[in-house]
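Coordinate-derived values only; no laboratory data. Computed from a prediction, not measured in an experiment: that's the story for all the values here.
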């Protein structure tokens, strides 16, 4: 029998936060509430990364997803909708198809876990115990050579900037049309 340790309790709490806030972000009708629940979900995933000692992934999760992409979602919500406005009502047919898709996704994940998962609690038997060279990751992310990612990162930044400018132009045109 496995002992209840602080790591297990923290993992359970973070899992409840991730699953609960993920479910709330999908089920709520208020757009800003959905964005806030998504933020809490992303922070909980970063906490899970920290618990597994993946510091780089946790930092990337917080800066890229919770910090950057979620802020773009919030800007889009504020520019396109009224803040307190409910989202549109979804027809039952779409809900049924979404439920079928969710069930298929859960089935694939569970089959993968039970057919290919290694659920040993002993880290010495884990096949992925070698350490990651953080200097190599940094050079790969910020390099400009083959199989390095600075140019795609900058292109993505320019694309996101163009999206923000486009959203501002659309919002200003709608504001002028109302006046």
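A few points about this structure:
- Size descriptor, Kirkwood hydrodynamic radius, that averages inverse alpha-carbon separations across segment 1-74, Å: 12.9
- Hydrodynamic radius by Kirkwood, which averages 1/r over all alpha carbon pairs of segment 133-179, in angstrom: 13.0
- Gain upon complete extension [residue 97, residue 9; 0.36 nm per residue less C-alpha separation]: 28.1 nm
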